[in-house]
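First comes the structure, then the notes that go with it.
The values are calculated or read from the model by the stated rules, or taken from the named source; none is laboratory data. Every value quoted in this text rests on a predicted model; they were computed, and no experiment measured them. All Cβ positions, even for glycine, are placed from backbone atoms using ideal geometry, and neighbour counts span all protein chains on display. To get the accessible areas, we keep the full protein, side chains included, count just its heavy atoms, and leave off ligands, DNA and RNA. Shrake-Rupley method; radii C 1.70, N 1.55, O 1.52, S 1.80 Å.
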Amino acid sequence: MRPSLAEVRSQRNAVFSREQARQRALYPRIEKIEVSMQGPGLDGALLVMNKGMSTPLSCARHLTEHHVTNSALALVDGEPWPLHQPLTHSCSLTLLTFKDNDPTLVNEAYWRSCAALLGQVLETAFKDDYTVELLSTREVPVLSGAFCCDVVLDPQLDSWTPSEESLRSLTRGAQQLIHQDLAWEPLEVAPSVALEAFSHSRCKQEEVEQKASQNPKGTVMLYRCGDHVLLSGGPLVARTGLCSQYEVTALHSLGQGSWGLHRRAQGLSLPLQLQAHHTVWRKLRQRAEKLVRTANVLQSNKNMFEKRTANVSVF
C-alpha cells in the first residue's frame, strides 16, 4: 500500500537530516578560512570564518542588519551560492539583493523559489485519499509572466476543474509559508542519497538521474523548506519571507502524459523589496493566468539573454 504523505515526508526528512549530519561531521576540527567581501562599501573587508560551518548568511551577520535582511543569494568566487550553504574554502563573497544594478541571477533564483513554494503547497493541498505527483520543475524565465509547477493529481480528480475559490485556497497556503519565513536549506548530495529520499516517486527518481547526468560533478541539489524536501536545478533564495505579493493564478490541463493527466499550476509574485500598485498587479495577474507554453519559454529565454533585463518589475 502507498504510504501516507506524512510518512513520505518523514522519510525524506530523515534521509536529508542524516546526510546533512554526515557532511557536517567531515569537519571535526574548526579550521579557519578567509572571506574577502565584495560589494558597495565592503571592498577590502576580510572576515575570518569557520570552514564547512560558516555560510554567506553567517558573513552577513558580521556586517549590518541591512545585509542580513536584504540578501537573497551570494556569489562565491563569481559562482551563484545559496545563502545557507557552508563555505568550504577561502574565497571572495558578494551578497546579492533584488535592488542590485543587475539582479538577473537573484530574479532567476526568486522565480525558481516561487515555483518550489507552489509545489510545496500543491503537495499538501489535497486530502490523503488523493495522490499528488510533482513533475520535473521547468526552468521558466521571469519574462514568461508566470512561474510554473507541473503536477499530476490523483486520477479521481481528472475531471476536476479548479474554481476561483480553489486558487484562493492555494494562495492562502503559500502565504502561510511566507509568513513563517522558512529557510530553503541546500544540500548537495550523491544521486544514491537523492534516490533514497525519493524512493516513493518513480518520477522524481528519473529526475534525479537526469540532473546527475547533466552535472559535471555527478551530484544533485536538494533543498528543505520546513518538512518539504525538493530537487532543484538551480539555487533558491534564502527564505520564504523574501516573497511578498504572491498569488496562484491558474491550473491548466496539459493533456495526458507519461504519468497521467499533466497539469500546469501557475502563479505570480513580487519580492519584499519590490511592490506593485493594485492596478499594475491586476494587469500582471491577467497575464499570469495565460498558459505558459514551451515556445513562449524559449522565446523569453532568448529575449532575456539579449536584453539582460535588470529587474523583476519589467512586467
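For this structure, a couple of remarks:
- Residue list for the range 59-84, restricted to those being farther than 21 Å from residue 187 by Cα and in contact (Cβ under 8 Å) with a residue 12 or more places away in the chain: 62, 63, 67, 70
- Residue in the range 5-20 that is at pLDDT below 95, open to solvent by 50 Å² or more (accessible area, probe 1.4 Å) and either in a loop (DSSP other than H, G, I, E, B) or charged (D, E, K, R) (or both) present: yes
- Unique residue being open to solvent by 40 Å² or more (accessible area, probe 1.4 Å) and either touching a helix residue (DSSP H, G or I) at 6+ places or on another chain (Cβ under 8 Å) or modelled with pLDDT under 95 (or both) when the list is 256, 273: 256
- Residue ID - surrounded by the fewest Cβ atoms within 10 Å (Cβ to Cβ), chosen from residues in the range 231-243 that are in contact with a strand residue (DSSP E or B) (Cβ under 8 Å, 6 or more places away or on another chain) and within 8 Å of residue 178 (Cβ to Cβ): 243
- Among the candidates 161, 137, residue that is surrounded by 18 or more Cβ atoms within 10 Å (Cβ to Cβ), assigned to a loop (DSSP other than H, G, I, E, B) and among the polar types (S, T, N, Q): 137
- Among the residues of the range 234-252, those identified as at pLDDT 95 or above and not hydrophobic (A, V, I, L, M, F, W, C) are 235, 239, 240, 241, 246, 247, 249, 252.
- Qualifying residues in the range 38-61 (those that are in a loop (DSSP other than H, G, I, E, B) and within 23 Å of the chain's Cα centre (by Cα)) - the one surrounded by the fewest Cβ atoms within 10 Å (Cβ to Cβ): 53
- Given (1) at pLDDT below 95; (2) part of a loop (DSSP other than H, G, I, E, B); (3) closer than 22 Å to residue 237 by Cα; (4) open to solvent by 70 Å² or more (accessible area, probe 1.4 Å), number of the condition residue 28 does not satisfy: (3)
- Some residue of the range 89-103 being in a loop (DSSP other than H, G, I, E, B) and touching a Pro at 6+ places or on another chain (Cβ under 6 Å): yes
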